[in-house]
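No lab work stands behind these numbers, since they all come straight from the coordinates. Just so it is clear, the structure is predicted and the values come from calculations on it, not from any experiment. Here the Cβ is made from the backbone with ideal geometry for all residues, glycine too, and neighbour counts use every protein chain on show.
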Amino acid sequence: MKLLQQMTVMGHERVAFHQDPESGLRAVIAVHDTTLGNALGGTRRWCYASEADAIMDVLRLSEGMTYKSAAAGLAMGGAKSVILLDTPGQEPTEAQARAMGRFVDTFAGAYIAAEDVGVSPQFCAWMREETDHVMGDASHGGDPSPYTSRGCFNAMRACLAFAGRPIDFHGVTVAIQGLGATGYKLAKFIREAGGDVIATDVNPTAIKRATEELGVRVLADDQDLFSLDGVDIVAPCALGAVLNSRNIETLKAPIVCGTANNILADPDSDGQLLKERGIVYAPDFIANAGGVIRLAGLYLGLTEADIDDKVAEIERTTATVLADTASHASAYDAAVAFAKRRIDAGREAKARHHAS
């Protein structure tokens, strides 16, 4: 499908490309919807197999940000950006970050950049040398991952309740895929609440830290996280599209709730398959909204108490969406409908304002 056609189908307002020969920057910014306000979304640095993969990633991620902000009750739209790396693990440079900052600045605030995979608070600080429209550096919100993890933990509480179980992590085993910034902190919350964690990560250092500091059990090389017996919750906390029609069929855990974006390879069909199998699924843009609540909240002038209240509210929002699943094709479909109701309300309020 051609790009403009894809934008029309997914409802994107603007997609922009930029390359900076001096720094080697190649980047894409996608603004999905600004009905509720300017659009905040992370900047992802990644080595994609193709440009087409990068474009599809930024389109899906930006769409997810629209729903994430709307469902969280934020006066923000949805956008995302990606920086295409030449090689995996390519070191970030100040020159590249500043070039990205200049690119962000061309949107005049309609897009506000933030942290994502491959981007640190230092990278955000370098970007901020060229634009005011960045959150996530040390002086403007810092690392939002603790809020993402806390929000996901709150969503897990709602999932346990919806499954008819006590909201108590004692005796609960959570399988975490990815022990990076959000996965590690999520594991810490679960362990502190009395739960057990079994996890996997491609980074040996992350595994070592989690086992030594948290007592996390490591997945054996011949074990598959999604087909493990004795797991109560599967928590994808790395990259997206990890659940699909094949492994959903063999999924043993009764609950899926993680911090990753776009957990389902095909949200529509995979979401329906999860519902058919009776698996409780916390839609990712509901469960992982804590980080954007933190950064968008600060951008919008919310107090720390307001931000904490909104992160806590993720539990109630998850419960509402799960309850709505019965009248929708899937939990994902119910979550999108929930977000769209808030976007439509914002659009109608704008129309009334202009009419007056």
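Each of T148, T131 was scored by other Cβ atoms within 10 Å of its Cβ. Arranged with the fewest first, they read T131, T148. Adding -39500 (n - 2.57) for every DSSP H run of four residues or longer, then dividing by how many residues the chain holds, sets the calculated 222 nm ellipticity at -14500 deg cm²/dmol. Give me the tail of P(r) for the range 13-52 as a percent: Cα-Cα pairs with distance above 15 Å. The answer is 54 percent, as a whole percent. Think of each Lys and Arg Cβ as +1 and each Asp and Glu Cβ as -1; about the Cα centre, that makes the dipole of the range 203-333 roughly 140 debye. Against the empirical curve 2.2 N^0.38 Å, the C-alpha radius of gyration of the range 110-225 lands at a ratio of 1.25. Each Lys and Arg Cβ is given +1 and each Asp and Glu Cβ -1; about its Cα centre, the chain then shows a dipole of about 700 debye. Counting only aspartates and glutamates at least 8 places from K80 when in the same chain, those with an alpha carbon closer than 13 Å to its own are E13, D33, D57, E63, E115, D116. Considering only Cα atoms, the convex hull volume of the range 217-356 works out to 146 Å³ per residue. Residues of the range 161-188 with an amide N closer than 16 Å to a point placed 7 Å from the Cα of A326 along the Cα-to-Cβ direction: 161-165. When every Cα-Cα distance of the range 1-84 is counted in 5 angstrom steps from zero, the calculated P(r) takes the values 3, 16, 27, 23, 17, 9, 4, 1, 0 percent.
Look at the dipole of the chain built from charges on Cβ: of A265, L40, T320, the Cα furthest out on the positive end belongs to T320. Rg ratio for the range 29-70: its Cα radius of gyration over 2.2 N^0.38 Å, N being its residue count, equals 1.21. On the basis of the beta-carbon distance and an R0 of 25 Å, A163 and T8 show a calculated FRET efficiency of 0.05. Within the same chain, aspartates and glutamates fewer than 8 places from K208 are excluded, and of the rest, those with a Cα less than 18 Å from its Cα are D196, D221. Cross-linked pairs K68/K340; K185/K340; K310/K350; K252/K275: Cα-Cα separations exceed 20 Å for K185/K340; K310/K350.
Overall, the range 65-149 carries a charge dipole of about 320 debye about its Cα centre when +1 sits on the Cβ of Lys and Arg and -1 on the Cβ of Asp and Glu, all other atoms neutral. Once Rg and the Kirkwood radius are both taken over the C-alpha atoms of the chain, their ratio Rg/Rh works out to 0.95.
Percent of Cα pairs in the range 206-300 per distance bin of 5 Å, from zero to the largest separation: 3, 12, 19, 22, 17, 13, 8, 4, 1, 0.
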